[in-house]
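Below is one structure, written out as structure tokens; the observations come after it.
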Amino acid sequence: MIVDMPETKTSEVTKRIVQLRESNGVITVGRVLTLVVCTLDSSEAEDAIDAANEASREHPCRVVVLARGDREADTRLDAQIRVGGDAGAAEVIVLRLQGQLVNHESSVVTPFLLPDTPVVAWWPRGAPEFPSKDSVGRLAGRRITDATFAPDPQAAIKKRLQSYASGDTDLAWSRITYWRALLAAAMDEPPFETVDSVTVSGLRDEPALDILAGWLAARLGCPVRRRTGPLQVELHRPTVSIAIERPQTGRTATLTRTGEPVQRIALARRETRDCLAEDLRRLDADETYAEALAGIEKVTYE
């Protein structure tokens, strides 16, 4: 069910939610958190809603989407409520802001936060320079950004350390979860030698590789180089080299180890919905993510 409410007020929207609850059953039962999605405009909102709906199947939640409009336009709030099949396992409230409301996002969203549940803020694009100091970010215990869609992704992920606060994370980090698992498993086999050096190569504008390089630099304490080239991670030990390589748009990677047959491994690029669902599993500080951000400063760029 989709209910449109043009030119409305937050009080009217909350009343309509209560009416829907009374006529269709308690639609907030089992909601474990409130996910506030801050989008740059209405055209971006639908992709974010699709990802949030998919993630809500694992984490039933209320999704509040703030779609920013023209700051110079007349002040206006257009709302839309989605429940049932149109909202996955979530309850979606889309708030399209115009005029002065764009500058008061936190005031608009506050009436829709579920009581006694965690609040997560997500910026699919256009994340603030300091998420924890943003008006919406201050309401949230968990703040999710995505450097992948920044104008300069590499610069964006490098700046995340400067703005880091407990509860921050970036979807570029969850995009490499399977890579980190494969690398950890590959290194956990004989010979158990220290790693002398690492090379991470791939697209320049792929911040997931920058933070992967930072993670390796922080964990291994050895020289790590970041290059532009084929998507590959190479680890060099005194007697054995390990490499994981995958085509940029492929779904299968190859793992090669000195003196052993090549292995083929399923390793598709993770979709935003999968990364979002992973980040919603934990609402505490991700110390490993912070260490990986700090490790980027130790990486040598070529």
Please report the relative contact order for the chain, taking Cα pairs under 8 Å with a sequence separation of at least 6, and give it as a percent rounded to a whole number. 16 percent
Would you work out the charge dipole size for the chain about its Cα centre, treating the Cβ of every Lys and Arg as +1 and the Cβ of every Asp and Glu as -1, and quote it to the nearest 20 debye? 260 debye
Helical contribution to [θ] at 222 nm, DSSP H n ≥ 4, -39,500 (n - 2.57), averaged over the chain, rounded to 500: -9000 deg cm²/dmol
Give me the distance in nm between label points sitting 7 Å out from Cα along the Cα-to-Cβ direction at ALA165 and ASN103, one decimal. 2.1 nm
Please give the length that would be gained between THR288 and ARG71 if that part of the chain were fully extended, namely 0.36 nm times their separation in residues minus their C-alpha to C-alpha distance (nm, one decimal). 74.3 nm
Just subtract the alpha-carbon distance of ARG180 and SER11 from 0.36 nm times their residue separation and send over the number in nm, one decimal. 56.2 nm
Give me the distance in nm between label points sitting 7 Å out from Cα along the Cα-to-Cβ direction at ILE2 and GLU302, one decimal. 5.1 nm
Listed residues LYS15, LYS159, LYS133, most fluctuating in the chain (Gaussian network, C-alpha, under 10 Å): LYS15
Solvent-accessible ranking of PHE149, PHE192, largest area first, probe 1.4 Å: PHE192, PHE149
Carbon/sulfur fraction of accessible area - segment 53-183, other protein chains in place, 1.4 Å, %: 47 percent
Residues other than LEU101 with Cβ under 13 Å of its Cβ, Lys/Arg counted +1 and Asp/Glu -1, net out at -1
Computed for segment 167-242: size of charge dipole around the Cα centre, +1 on C-beta of each Lys and Arg, -1 on C-beta of each Asp and Glu, debye to nearest 20, value 140 debye
For segment 156-289, take the alpha-carbon Rg, divide it by the Kirkwood Rh, and send me Rg/Rh. 0.96
Once you've got the GNM for the chain with C-alpha springs shorter than 10 Å, pick whichever of GLU193, GLU44, GLU58 has the biggest mean-square fluctuation. GLU193
If one compares the long axis through the Cα atoms of helix 177-187 with the longest principal axis of the Cα atoms of the chain, the angle in degrees, nearest 10, works out at 20 degrees
About the Cα centre, charge dipole magnitude for segment 182-302 (Lys/Arg +1, Asp/Glu -1 at Cβ), debye: 400 debye
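The values are calculated or read from the model by the stated rules, or taken from the named source; none is laboratory data. Only a predicted model underlies this, so the values are computations on that prediction, with no experimental measurement involved. Please note: Cβ atoms are built from the backbone with ideal geometry, for glycine as well, and neighbour counts cover all protein chains shown. These accessible areas exclude ligands, DNA and RNA; they are computed on the full protein's heavy atoms, side chains included. Shrake-Rupley method; radii C 1.70, N 1.55, O 1.52, S 1.80 Å.
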